[in-house]
Amino acid sequence: MREIDGSRGEGGGQVLRTSLTLSLLSGEPLKIVNIRAGRQRPGLLRQHLCAVKLAAEVGNAELEGAEAGSRELTFKPRALNAGDYQCSVGTAGSATLVLQTVLPALLLAKGRSTLTLEGGTHNPLAPPFDFLARAFLPLLDRMGVRIEATLERHGFYPAGGGRMRVVIEPGPLQPLMLRERGAIVSCSATALLAALPASIAHRELSELKQRLGWPMEQLKLLEVDRAFGPGNVLFAAVESEHVTEVFTAFGEKSVRAEQVAASVAGKVQQYLAAGVPVGQQLADQLLLPMALAKGGAFRTLPLTEHARTQLELLRELYGASFAVREESGVVDISLV
């Protein structure tokens with residue numbers, strides 16, 4: 001049995017999630033130690049337990065150590081099964097990260113699967129639903145699988161209570177080549193609000209207009225009336241010929257609306273100036289599908305610690321070897 005040190009890299013939940021994913025794909029049992037050792041509250045939290053138990057269902061796996069606060073876990077998958085699955089985090093812990101734990105395995109399962117996940121859909125420490133739906137999942141569709149994701153209720157931090165449904169039609173994954181962004185087709189921004197004054201969104205959009213020069217008709221306010229608690233998220237989307245990128249910042253207490261907009265504007269400006277098709281967060285997500293497709297390449301910004309950790313785990317647990325070349329702040333990644 002292979003042992004994985006969960007304290008490597010950024011020392012968070014990614015090592016756990018990626019290790020579970022690759023164990024499902026390879027059938028190799030794992031023991032994961034020092035789980036989330038780099039976090040203020042180490043060990044398994046409810047979000048991670050939800051991911052672990054769902055992965056065990058998908059892989060018909062034996063589990064040891066699947067308890068709140070546990071820093072060690074043994075995972076022994078027996079068979080990968082398509083099916084209808086449900087999982088509720090019970091807090092604002094990210095439902096999108098739970099999805100990412102089992103999605104790659106279900107892409108290769110024999111048959112259609114559905115996932116109904118409850119928890120945080122818009123959490124500052126995870127990709128929000130809108131990023132997955134507009135940036136990431138369309139690229140998986142391009143690679144040969146069909147994924148339909150529906151947001152049934154928003155779940156903001158700290159109340160949670162969101163719900164999303166994902167339908168997965170697997171198929172052979174084709175390599176994705178994404179070295180060119182192509183011409184920009186459109187740019188837009190949305191200020192999302194739940195149970196908060198509309199003036200917050202107006203200030204965010206006004207600041208974004210000033211910093212990016214986008215006309216007001218491309219900026220909109222969307223008020224949510226079914227969320228369990230208040231929330232504010234600002235999105236900016238850049239749609240190009242070959243890819244759509246989504247950049248996000250979250251409103252928080254003691255953070256001015258103008259600061260939220262400045263954060264999003266800075267990410268957009270960095271992305272546009274670099275001329276690359278893939279932003280940093282999307283780069284993190286594409287590495288595992290590339291490994292499953294056994295080919296592909298893309299250009300991106302300097303890699304995050306998450307991406308570097310992902311590259312290490314893919315080499316170690318899946319035998320996927322990547323060539324990474326960086327020049328003048330642009331990184332070219334290809335599977336070799």
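Take LEU73 and tell me if it is modelled with pLDDT of 95 or more and buried (at least 23 other Cβ atoms within 10 Å of the Cβ). Reasoning before the result, please.
On the way: modelled with pLDDT of 95 or more: yes; buried (at least 23 other Cβ atoms within 10 Å of the Cβ): yes.
The answer is yes for LEU73.
Rundown of residues vs (1) under 30 Å from PHE75 (Cα atoms); (2) touching a residue at least 40 places away in the same chain (Cβ under 8 Å); (3) in contact with a Ser or Thr (Cβ under 9 Å, 6 or more places away or on another chain), yes/no style:
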residue: HIS242; (1), (2), (3): no, yes, no
residue: GLN269; (1), (2), (3): no, yes, no
residue: VAL276; (1), (2), (3): no, yes, yes
residue: THR309; (1), (2), (3): yes, yes, yes
residue: ALA320; (1), (2), (3): yes, no, no
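Tally up the residues in segment 204-240 that are more than 27 Å from ALA183 (Cα to Cα), out of contact with any Ser or Thr (no Cβ under 8 Å at 6 or more places or on another chain) and in a strand (DSSP E or B), please.
So the answer is 4.
Could you please give the count of residues in segment 140-198 that are open to solvent by 70 Å² or more (accessible area, probe 1.4 Å), outside any strand (DSSP E or B) and without any contact (Cβ under 8 Å) to a residue 60 or more places away in the chain?
Of the residues in segment 140-198, 4 are open to solvent by 70 Å² or more (accessible area, probe 1.4 Å), outside any strand (DSSP E or B) and without any contact (Cβ under 8 Å) to a residue 60 or more places away in the chain.
If a residue counts only when it is under 30 Å from SER206 (Cβ atoms), which helices (runs of 4 or more DSSP H) contained entirely in segment 241-336 have at least 1 such residues?
Working: elements: 257-274, 280-293, 305-318.
In segment 241-336, the matching helices (runs of 4 or more DSSP H) lie at 257-274, 280-293.
Could you check segment 252-273 and list, in sequence order, the residues that are open to solvent by 30 Å² or more (accessible area, probe 1.4 Å), under 22 Å from the mean Cα position of the chain (by Cα) and not charged (D, E, K, R)?
SER263, GLY266, GLN269, GLN270, LEU272
Does GLY295 satisfy being at pLDDT 95 or above, surrounded by fewer than 19 Cβ atoms within 10 Å (Cβ to Cβ) and more than 22 Å from SER240 (Cα to Cα)?
Numbers: at pLDDT 95 or above: yes; surrounded by fewer than 19 Cβ atoms within 10 Å (Cβ to Cβ): yes; more than 22 Å from SER240 (Cα to Cα): yes.
When the stated conditions are applied, GLY295 passes them.
Please determine whether any residue of segment 116-134 is part of a loop (DSSP other than H, G, I, E, B) and within 16 Å of GLU57 (Cα to Cα).
As a first pass, look at segment 116-134 and keep what is part of a loop (DSSP other than H, G, I, E, B): 121, 123-128.
Adding the requirement that they be within 16 Å of GLU57 (Cα to Cα) leaves none.
No, the conditions are met nowhere in segment 116-134.
Just checking, does segment 281-288 include any residue being over 16 Å from the mean Cα position of the chain (by Cα) and at pLDDT 95 or above? Reasoning before the result, please.
Our first condition is that a residue be over 16 Å from the mean Cα position of the chain (by Cα); within segment 281-288, this holds for none.
Checked segment 281-288: no residue is over 16 Å from the mean Cα position of the chain (by Cα) and at pLDDT 95 or above.
The values are calculated or read from the model by the stated rules, or taken from the named source; none is laboratory data. Just so it is clear, the structure is predicted and the values come from calculations on it, not from any experiment. FYI the Cβ positions are ideal-geometry reconstructions off the backbone, even for glycines, and counts take in every protein chain you see. Calculation scope for accessible area: heavy atoms of the full protein, side chains included, ligands and nucleic acids excluded. Shrake-Rupley method; radii C 1.70, N 1.55, O 1.52, S 1.80 Å.
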